[in-house]
Amino acid sequence: MNSVLNKLIAGEVDAAIVYLTDVFANSNLTSLEFKDKVSAATSYSIGTSSAASPAAQAFAAYVLSKSGQDVLIAAGFDAPPD
């Protein structure tokens, strides 16, 4: 966890800008929408090396599968672009 999120959870700060998925994962936090939304995005990649273990390859395959995508969407991530 990052230090800003830790401070927010500990009540050391009254408000902070954190990832929405962090808010979803902490039921004692509340999200507020900005009145004037700014277009911002964070993109994540997944890949494996040629020496990746079978477990790493299976994990990457799961993340890219329909079931894995459903888990990520339920956690607050956007669906990947087509």
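Read the figures in this text as sums done on the coordinates, not as results from a lab. A quick note: this is a predicted structure, and the numbers were derived from the prediction, not measured. Positions of Cβ are backbone-derived with ideal geometry, glycine not excepted, and every protein chain shown enters the neighbour counts.
Loop-located trypsin sites (Lys or Arg not before Pro) in the chain (DSSP state not H, G, I, E or B) with no more than 14 neighbouring Cβ atoms inside 10 Å: K35, K37. Largest GNM mean-square fluctuation across Y44, Y62, Y19, computed for the chain with C-alpha springs under 10 Å, falls on Y44.
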